[in-house]
Each structure stands twice: as C-alpha cells, then as structure tokens.
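FYI, it's all coordinate maths here, none of it is from the lab. Quick caveat: nothing in here was measured; it's all calculated off a predicted structure. Here the Cβ is made from the backbone with ideal geometry for all residues, glycine too, and neighbour counts use every protein chain on show.
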Amino acid sequence: MAPTDAVLEDLGKVAAARAATDSDEVAGVPARWVVSPTSTEEVAETLRLAGQHDLTVVPRGAGTKIGWGAAPVSADVVLDTTGICGVVEHAAGDLVVTVRAGTAVAELQDTVATAGQQLALDTPLPGPTVGGTLATGTSGPRRLLYGTARDLLIGVTFVRGDGVVAKAGGKVVKNVAGYDFGKLLTGSYGTLGVITEAVFRLHPLTEARRVAQVRLPDAGTAGRVALAVLGSQLVPTAVELDQDVDGAVTVTVLVEGVAAGVPDRTATALGLLGDGATDSDELPEGFGAYPFDLGGTGLKLTSSLSGVGPVLAAARAAASANDVPLRVRGSAAGVLYAGLPVAVDPSAAAAVVDALRGAVTAYDGSVTVLTAPPDVRELVDVWGPVPGLHLMRRLKDELDPGHRLSPGRFVGGI
C-alpha cells in the first residue's frame, strides 16, 4: 500500500476526500479516509483506485443505520454517497421515479407528492437516504399492503467491487429483466455493490385515513385478533402489534382509501377488533418506530403469519425468564422488532436472543441482531443461522472478488 498521504492525494483526484474522524466509525471500526463522490462515474473510479491500493470500502448514506449489521473487518474508505443526489426523472403517468441513491427519502416523497403520488415505503428512523434504505432493506407497517423495498424497486444502477458499472431492471413496471438482481442488492449492507441510482414503482396518495385500535391482555389473544383482520375482506394498509414490557398488546389497524369507503371499512375493523376498540384520525404515538434506542440492543424477528402471536408470547417469556424489559413492535405480516435498553446485562441479552431463535424455528422465522453494544455483540452471532450461505458466498466472490466492499458486515462474514 502507498504511503497515507499519497493514497489521500490519489483519492482526492477522483472526488472530494479527507481524513476520517471518530464520527466516521462503522459499527465501532475506525475508518482512514472519507470520499464523497457526486456521480456513478466517480464511485467507479474510487473503487478502481481502491483496488490499486488494496483498500476496503464501506458505503454510507446519511449514516442513520451505519451501526447496523456485523462490524466490518476493516473500513479503509468510507464512501459517502450523499453527494449523489436528486430525482433524475419522475414519469408520473407511468407511476415511476428514477432517483439517485444519496437522495433523502423525505425529499423524494416531497417531489412525487406534487403529482399526488408516493413511494409507499416507511422510514422508521428519520433522515435516511434512498441508498441506505435499500442497502439495509428497511420497511415499516405499510409493507402489509404495498410490500417492501424489494417489491417497489424495479431498476437499479450499481458499481461492483472492481469498479464496473452495472444495471438491472427497467424504467417501467412491466420490464422485469434483471429485477432479481435488485432484490439481491437490497438488504445486502453494501457487500455486493454500491447502489448509485434506483427506479421505483409509485402509488397514488390515499384520499382518507382512519385508525382502529384495541388493547388486549396477552399475545395469544392479540395474535388471533390480528389473524382475523388479515383473513377478512378489509384489506388494511397495516396491522401493527405493540407489546408492552408487561405483556399487554395493542393491535392497530390502518385503513386507507377513497373517502367514501373509509368509514364503513373502519366500522368493519372495529368489529373485528372487538370490545374496547376505538378509532381516530391520528396514528398512535410510536406507530412504525423501532422499539429500541440508540445504543441499545435492537432485534428483528420474522415468522409466518400464524407465528406472530406465539413469537410475541415467546418474547414475553424470554424477557421474564431473564428479568429484562423487552418491548416488541411490528407487523402482523410476520416482521417484528424488539428492543432492550442500553443498561441490560450482556449475558441476559444474549440469552434472550438464543431463546427467541429457538422459538422462531417452528414458524420458519429468524432473529437478527440489528444493533447492539459491543459487549453484547461479543456474545451473539449477529445474523444467526442462514440457509443458502454457500450461494451467497459464491455471489460475493463473483461481484466482489477482492472482498473489499464492506468486508464482514453481512451473513457468514461476507
């Protein structure tokens, strides 16, 4: 490797570059330099230069989830993508938008809203970019009706680890060539390529919204009620379950659509929720937000639809057995999030993770440690068992043969 000053000078010839500071750490791993490209071409040149100097590269958007996933083996260069921003094209008639990866999701929403449209994707944390949202595969309550980022993404431009620019998908919904590649990149934590541009399918903004809600005494009851709502003809936008540390569960049903139909649909929702159900025009506090704070332990739990109630019950049992406060919140679609406070004993946190991993297997589920303090990370496998790992390794070898993109951040040390 060339001397430090020489490397920084070379990086600066490609894009704005500077020495990293403590604030540029990635999951506790210090970086050496930060490069801020403004185009796909500059990203490609940066990665080619990284190859020449044998540097590892970690892409970063707004940094809202930079501590998620496993810690990288090294982070020589943090590739700040926020300069690659702006809406490229909004084909309102086709309900399609092309946007650069460093664009804030909020900015994208404001742009398409002028045409009465939306990217039907929730952002549980404030301020994320498009690229960061795709890289971590985040979604929220509306995944029940609209799907996740993988479902809304119809095209992507990205740069491979060797600096080659590649594209997949198209600019119209019916063109699905290469769409699976977009799915592979989504949720890969920047280990397969650096996303620089994305094409999304949009939806019209809804005319009216109403929220129905009921507080139930336990997970079993809540799970049965949620399944009843899902099995009805209601077609809600979201069905969320929020389990307090005492085990009580609030079920929230979001009803959206044409103004004339929402009142009757809300009445149907209230009937399905049962005695004690109420309705409102406002979303409840914390709706769609993660139940964990910065610095605490945050888990993602998945299961089949029928497993949501039992998994909530297992979470309550694990918390009680280890004498820790565990808040769980998420979608009846089978994706829940759980949070433990910063001060929880690391061994207790690890025991909760182990218990939950044992519980979800019966429901085709998984438990991922999204974020946790270092002493908790030392005791757990962040990703847990992952089927098809050998195929993932092969894909990593093909797209990033030098293993310089976010090395170690993804499953199995990829």
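Using a Gaussian network model of the chain with C-alpha springs under 10 Å, which one of ASP400, ASP264, ASP76 is most mobile by mean-square fluctuation? Highest fluctuation among the options: ASP264. Dipole of the chain computed with +1 at Lys/Arg Cβ and -1 at Asp/Glu Cβ about the Cα centre; of ALA91, SER36, VAL130, farthest Cα towards the positive end is ALA91. Which value, in debye to the nearest 20, gives the size of the charge dipole of the chain about its Cα centre, when Lys and Arg are +1 and Asp and Glu are -1 at the Cβ? Using only the charged Cβ atoms, the result is roughly 940 debye. Summarising the strand pairing of the chain, around 90 percent of its internal DSSP beta bridges are antiparallel. In terms of overall dimensions, segment 3-107 has a Cα radius of gyration and Dmax of 15.1, 53 angstrom. Residue-normalised convex hull volume from the C-alpha trace of segment 32-168: 110 Å³ per residue.
Report the full-extension gain for the segment ASP397 to ASP275: residue separation times 0.36 nm, less the Cα-Cα distance, to one decimal in nm. Working shown, then result.
Working: separation 122, 0.36 × 122 = 43.92 nm, distance 5.61 nm.
Result: 38.3 nm gained on full extension.
Pairs of lysines in the chain whose Cα atoms sit within less than 28 Å of one another amount to 13, provided the residues are eight or more positions apart or on different chains.
Dipole size of segment 4-82 about its Cα centre, with +1 on Lys/Arg Cβ and -1 on Asp/Glu Cβ: approximately 220 debye, rounded to the nearest 20.
Across the options VAL211, VAL262, ALA238, the greatest Cα extent toward the positive end of the charge dipole of segment 208-280 (unit charges at beta carbon of Lys, Arg, Asp, Glu) belongs to VAL262.
Output the relative contact order of the chain, whole-number percent, from Cα pairs under 8 angstrom with separation of 6+ residues. Display every interim value, and only then the final one.
Values: 969 pairs, mean separation 65.4, N = 414.
This gives 16 percent for the chain.
Dividing the convex hull volume of the alpha-carbon atoms in segment 181-237 by its residue count gives 189 Å³ per residue. Using a simple spin-label model with pseudo-atoms 7 Å out from Cα toward Cβ, ASP323 and HIS390 lie 4.6 nm apart. Which of GLN52, VAL14, GLY247 sits closest to the plus end of the dipole of the chain, meaning its Cα is farthest towards the positive end, when Lys and Arg get +1 and Asp and Glu get -1 on the C-beta? The listed residue farthest towards the positive side: GLN52.
Per residue, how big is the convex hull around the C-alpha atoms of the chain? Give it to me in cubic angstrom, could you? Don't jump to the answer; show the numbers that get you there.
Numbers: hull volume 54.6 nm³, N = 414.
That works out to 132 Å³ per residue.
Placing a label point 7 Å from the Cα of LEU294 along the Cα-to-Cβ direction, the residues of segment 371-403 whose backbone N falls under 20 Å of that point are 371-377. A crude spin-label estimate for the pair GLN109 and VAL342, with each label 7 Å from Cα along the Cβ direction, gives 2.7 nm.
With Cα atoms defining each centre, segment 25-45 and segment 303-355 are spaced 35 Å apart in the structure. Per-residue extension of 0.36 nm, minus the Cα-Cα distance of VAL88 and ASP54, leaves a gain of 8.9 nm for this segment.
Size of segment 285-350: Rg and Dmax of its alpha carbons, in Å, are 11.7, 33. Of the chymotrypsin sites (Phe, Trp or Tyr not before Pro) found in segment 180-257, none is in coil by DSSP with at most 15 other Cβ atoms within 10 Å of its Cβ. In terms of Cα atoms, the Rg and Dmax of segment 87-204 work out to 13.0, 40 Å.
Compared with the direct C-alpha span, the chain from GLU9 to GLU378 gains 129.2 nm at full extension, assuming 0.36 nm per residue. Extending 7 Å from the Cα toward the beta-carbon at both SER23 and GLU207 defines two label points whose distance is 4.7 nm. For the pair VAL73 and THR361, a Förster radius of 22 Å applied to the C-beta separation gives a FRET efficiency near 0.15, rounded to the nearest 0.05. Computed from the C-beta positions of ARG215 and ASP180, the FRET efficiency with R₀ = 41 Å rounds to 0.45.
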